[in-house]
1. Collect the residues in the stretch 273-289 that are part of a helix (DSSP H, G or I), in contact (Cβ under 8 Å) with a residue 60 or more places away in the chain and buried (at least 20 other Cβ atoms within 10 Å of the Cβ), keeping them in residue-number order.
2. Among the listed residues VAL217, VAL203, VAL235, which satisfies the condition of being open to solvent by less than 40 Å² (accessible area, probe 1.4 Å) and aliphatic (A, V, I, L, M)?
3. Out of ARG370, ARG405, I need the residue that is in contact (Cβ under 8 Å) with a residue 60 or more places away in the chain and open to solvent by 60 Å² or more (accessible area, probe 1.4 Å). Which one?
4. Looking at this structure, is ALA430 crowded, with 21+ Cβ neighbours inside 10 Å, modelled with pLDDT of 95 or more, among the aliphatic types (A, V, I, L, M) and touching a Gly at 6+ places or on another chain (Cβ under 6 Å)?
5. Select from the stretch 298-307 the residues that are open to solvent by 10 Å² or more (accessible area, probe 1.4 Å) and touching a residue at least 40 places away in the same chain (Cβ under 8 Å) and write down the one among them that is nearest to ALA246 (Cα to Cα).
6. Considering ILE436, ILE411, which residue is assigned to a strand (DSSP E or B) and of a type in the set (Val, Ile, Thr)?
7. Return the residues of the stretch 238-260 that are part of a helix (DSSP H, G or I) and either of a type in the set (Gly, Ala, Ser) or buried (at least 19 other Cβ atoms within 10 Å of the Cβ) (or both); say none if nothing qualifies.
8. Exactly one of these conditions fails for HIS73: (1) part of a strand (DSSP E or B); (2) open to solvent by 10 Å² or more (accessible area, probe 1.4 Å); (3) of a type outside the set (S, T, N, Q). Give me its number.
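The values are calculated or read from the model by the stated rules, or taken from the named source; none is laboratory data. Computed from a predicted model, the values in this text were never measured in an experiment. Reconstructed Cβ throughout: ideal geometry from the backbone, glycine too, with neighbour counts over all protein chains shown. These accessible areas exclude ligands, DNA and RNA; they are computed on the full protein's heavy atoms, side chains included. Shrake-Rupley method; radii C 1.70, N 1.55, O 1.52, S 1.80 Å.
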Amino acid sequence: MRKTLGWLLSLVVLIGTMGAAGFTAQAATAAQPAAATDIKDQILGIPGMSLIEEKPYPGYRFFVLNYEQPVDHRQPWKGTFKQRLTLLHKDVSRPTVFFTSGYNVNTNPRRSEPTTIVDGNQVSLEYRFFNPSRPTPANWANLDIWQAASDQHRIFTALKKIYTKNWLATGGSKGGMTATYYERFYPRDMDGVVAYVAPNDVVNKEDSAYDRFFTKVGTKECRDKLNAVQREALVRREPLEAKYAAAAAENGWTFTTVGNLDKAYEAVVLDYVWAFWQYSLLADCASIPTAATASDQEIWDTVDAISGFSAYTDQGLETYTPYYYQAGTQLGSPDIKQPHLDGLSRYGYQPPRNFVPRDIPMTFQPQAMRDVDTWVRNNAHQMLFVYGQNDPWGAEPFHLGYGARDSYVMIAPGANHGANVAKLLDGEKALATAKILQWAGVAPAAALADAGRAAPLAAPDAQLDQRDLEREPQLRP
């Protein structure tokens, strides 16, 4: 019996020793550093994500991707479509900026201003219904601001597992609107929002703010010069429309959507003053011809350069059908009175309905922008709105109410639709930069102690940082 017990004890000790040895070996194996999974493999491991192409760029990885989205987020079982996006990868240890233009996505490496400031990663998303990110068949009722915000929410949710640091949303003009709407519907996703030159047309039928803007912008001399050219273009409608017809024949332009060449011609001419202030600076007034002595060709050339005679052709409108659809269903569109054109304008500012094919139904929803405006006034948290002093789109900006916290509206003096943080006055520029760094969780101690010492963390890069200013069609009432 004692002999048996001794044998069993020896066996237990032996097994224990072998187990301990095995455990030690396993622990040693586990302690070996595992090979890091390549970032491309991590991204493509997300269900629904697929690679279109990877483009090399020094210091970054740049991917053009597709992500499978529900056509209708409220009824995801009713089909999907592929939404295009890009990812400028710096490092998973850096913050990420979610950029939206509100239009097509640029498939070349680009870096928005907040991305440069925080030296981070950037996800850029193509807006739903802009080709090729359009469901087939296209049910246009699924193109609204909540569906688009839900697109962003799903992509953020998927990528946040990889990019775990702070996130900021940003965009300019319609992209700034998009970033704002995303924050309204999913306020827990982002750590901050930087919205550039974002229009806020709360009451679509009340547009007197634009009329006031055009009586004060720039100088009287410049305003009078622009108005005179615009008037002259309508006075000389017959010879200039002959040039338009010749250009249409040469370029294969057609006018089915807008109705006819005459309507398209006037729409281009009525854009002239607005488009000048949107894209030009006061100093550019010197290049505007004197209407009374200008030749037909000079009038044609300046209107074409600033407004673009291709804009209201079927070919020019096609790309922007989703934009005009949203203008006529939710976003609203500006109208301006142009008394200097009395007796010459046949159509006035034409509504978005004129720029969308008639087989696409449209019904305006006046509550959509009122809801967003009310939410921003009462709930904005860590939001920055930047406008240009001479940009017509800033005539109806977002405003902050008593419920807003750590949020700001800043205006860049003399700036147009390309206004950004860098164009603000020094004090506001420093404060805006410090806040962006703080919201992204990467503010240096010096910037936290003194906003005046805040500066972008990434070195300038002429190619990455170039601004692709979207030449938007005008939003009509």
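1. Correct list: VAL273, TRP274, ALA275, TRP277, GLN278.
2. Of the residues listed, the single one that is open to solvent by less than 40 Å² (accessible area, probe 1.4 Å) and aliphatic (A, V, I, L, M) is VAL217.
3. Among ARG370, ARG405, only ARG370 is in contact (Cβ under 8 Å) with a residue 60 or more places away in the chain and open to solvent by 60 Å² or more (accessible area, probe 1.4 Å).
4. No: the conditions fail for ALA430.
5. TRP300
6. ILE411
7. Scanning the stretch 238-260 gives LEU240, ALA242, TYR244, ALA245, ALA246, ALA247, ALA248, ALA249.
8. (1)
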